[in-house]
1. When region B:55-86 is examined, which residues are found to be within 9 Å of another protein chain (Cβ to nearest Cβ) and more than 21 Å from B:V313 (Cβ to Cβ)?
2. What are the pairs with Cβ atoms under 7 angstrom where one residue, in region B:196-213, is on the phi > 0 side of the Ramachandran plot and the other, located anywhere, is in a helix (DSSP H, G or I) and β-branched (V, I, T)? Sequence gap at least six, or different chains.
3. Scan region B:204-224 for residues that are part of a helix (DSSP H, G or I) and under 18 Å from B:A170 (Cα atoms) and report the count.
4. Inside region B:278-291, can you point out the residues that are part of a helix (DSSP H, G or I) and surrounded by fewer than 23 Cβ atoms within 10 Å (Cβ to Cβ)?
5. Could you list all residues from region B:224-265 that are surrounded by fewer than 14 Cβ atoms within 10 Å (Cβ to Cβ), of a type in the set (D, E) and under 23 Å from B:A307 (Cβ atoms)?
6. Mind listing just one residue for me: the one in region A:309-328 that is part of a loop (DSSP other than H, G, I, E, B) and out of contact with any helix residue (DSSP H, G or I) (no Cβ under 9 Å at 6 or more places or on another chain) and, of those, surrounded by the most Cβ atoms within 10 Å (Cβ to Cβ)?
7. Can you name the number of the only condition in (1) within 13 Å of another protein chain (Cβ to nearest Cβ); (2) assigned to a helix (DSSP H, G or I); (3) touching a strand residue (DSSP E or B) at 6+ places or on another chain (Cβ under 6 Å) that B:G89 fails?
8. Taking region A:104-128, which residues are among the basic types (K, R) and within 13 Å of chain B (Cβ to nearest Cβ)?
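The values are calculated or read from the model by the stated rules, or taken from the named source; none is laboratory data. Computed from a predicted structure; not experimentally measured. Note: ideal-geometry Cβ built from the backbone for every residue, glycine included; neighbour counts use all protein chains shown.
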There are 2 protein chains.
Amino acid sequence: MSDPTLDVVAIGNAIVDVLAPAEDALVQRLGLEKGAMNLVDAEESTRIYAALGPAVEQSGGSAANTCAGIASFGGTAGFVGRVRDDQLGEVFAHDLRSIGVRFETRAATSGAATARSMILITPDAHRTMCTFLGAAAELEPDDVPPELIRAGAVTYLEGYLWDQPAAKAAIRHSAATAHAAGRRVAFTLSDPFCVERHREEFLALVEGDIDILFANEAEITALYETDDFDVAVAAVQGHCEIAALTRSERGAVVTDAGGVHVIPAEPISRLVDTTGAGDQFAAGFLYGLTHGLAVPECGRLGALAAAEVIEHVGPRPETSLRELAAPILD
Amino acid sequence: MSDPTLDVVAIGNAIVDVLAPAEDALVQRLGLEKGAMNLVDAEESTRIYAALGPAVEQSGGSAANTCAGIASFGGTAGFVGRVRDDQLGEVFAHDLRSIGVRFETRAATSGAATARSMILITPDAHRTMCTFLGAAAELEPDDVPPELIRAGAVTYLEGYLWDQPAAKAAIRHSAATAHAAGRRVAFTLSDPFCVERHREEFLALVEGDIDILFANEAEITALYETDDFDVAVAAVQGHCEIAALTRSERGAVVTDAGGVHVIPAEPISRLVDTTGAGDQFAAGFLYGLTHGLAVPECGRLGALAAAEVIEHVGPRPETSLRELAAPILD
């Protein structure tokens, strides 16, 4: 079997973020679940947008953000996700390609517009997302070229995709292709409400198909229906080769065959916007893993990337993660 | 004649900015005039965009930015400018309306896309603009409702509009309408290269039609074809009731019937992006003027608004200018 030519191939929702500051009262008034990803249809999307103040548009999408992080570390990544041939689709494609991420999924020429996620950033720096999936929801198995999956040392899959039946098939197929090629499969639980919606299937995936699992505390405890983080840690240890579990300012816990590794959070100078924290943790971790680092060092790279992204507005790195990580990597 | 119901009605190019950090070498390699507004066609726009790194999209347009600043002071503004009925047009309209700026120009249903300006921010925090005018260039006299012009205490016009023959007619007509209603007409020279392109017409405008002129040092010296700022100041004094001339970190010089007022620059903690500095100076000045402040205080409000906007990326205020200006206004 040939060596992989990409560190990571990610499959996810191709989304442009619409970032707007918002008071807690607005989140409440709009009936949104604070801190969560709320799926909205076109009509709701219009209603919510009209209630928001001025916004900034910036490429997002969880797995695509992770690709951007890997590129910022100097790694190689490919992304699969569906946009439409509209202005926001062009923005999304540009922003990935301009940093060297391979992105070849054909843009839809009809149907819904490119997905957007309105992200309400409350004064506590937390984000509440309202996502209109649009064209992203039309991802099909045919959009995922098997040779691209085989090219990646790790195939990284977004739990958010589970909300779309066609995308689900694409994911199952990609995981099988990756394993058949001797590659590893990584998965992120994405969001606690997403876990609630798909718990049984996620459990089956985690037990059977996933080598590397990413989750935050709320997600992993939702998966195992427990309030006790340690109970969830013990459960996941038996299921995945590696589980990287993030806990915000308390850092992360990573389990592997070597046991349980506690990773401290990287100190930050100011907390501005938590959007992308989990995505960038995954970027650092996967970059380390595909470059031969030991699991605790992978965790440190994850913590470092997460710290960078929460110090500014927007879900992707603004400074070179390769340079920030020089003390660890050199 | 009835009292005005809006502080300012502005006419300008309706533009979404595409903000990207860039090295000086890239500005040079693309053949752009650093610090200037470079007009580009659709093809050049595509070429330049492909050469840029990841960007952030944010509503812009010089006169529209000024409207946003006036709203941030708590003032009232209306904006006239043409977008298309596309995603960026929707973004532009949303961002103005969500802060209470009256914006009723109908979106074009065919023709070129909404204007975008790629703004390359070099490490010295200066910006070089590449503007594809698109739908904005299709502004026509019919787009400017005379009753809207009559509603504004000041009609504010953008020099950039002069690159478009149809818009030029709209401007001349608006200035006449404003004067007939006993209102004042303000004008910004916009850009030194814009002045070079239209010097004769700008001189005629300034001498005959403009009550309040905004310009920076490069623009006013270009207008009067002199290297000597003081010569330009003396020249403009004879032409306009008020001339507000900005000089970056050296503050501003404002001339009126009372003589020459020197306004110091507001201290800043960090210089991030000069985009919008002139637009926000005009916002502060016009807010002051339409609220009965003396000219030196108007200049202080302008300096304060300019200082806020250059401390962050993007051309519009991120903090309440009303609150920042409380020591002056209360």
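1. First, pick out the residues of region B:55-86 that are within 9 Å of another protein chain (Cβ to nearest Cβ): B:55-59, B:68, B:86.
Answer for region B:55-86, where residues must be within 9 Å of another protein chain (Cβ to nearest Cβ) and more than 21 Å from B:V313 (Cβ to Cβ): just B:D86.
2. none
3. 4
4. Going residue by residue through region B:278-291, those that are part of a helix (DSSP H, G or I) are B:278-289.
Result: no residue meets the conditions.
5. B:E249
6. In the first step, residues of region A:309-328 are kept if they are part of a loop (DSSP other than H, G, I, E, B); the result is A:310-320, A:325.
Among the residues that remain, those that are also out of contact with any helix residue (DSSP H, G or I) (no Cβ under 9 Å at 6 or more places or on another chain) are: A:311-314.
Values: A:E311: 16, A:H312: 17, A:V313: 24, A:G314: 21.
So the residue we want is A:V313.
7. (3)
8. Applying the first criterion (among the basic types (K, R)) to region A:104-128 yields A:106, A:116, A:127.
Within region A:104-128, just A:R116 meets the criteria.
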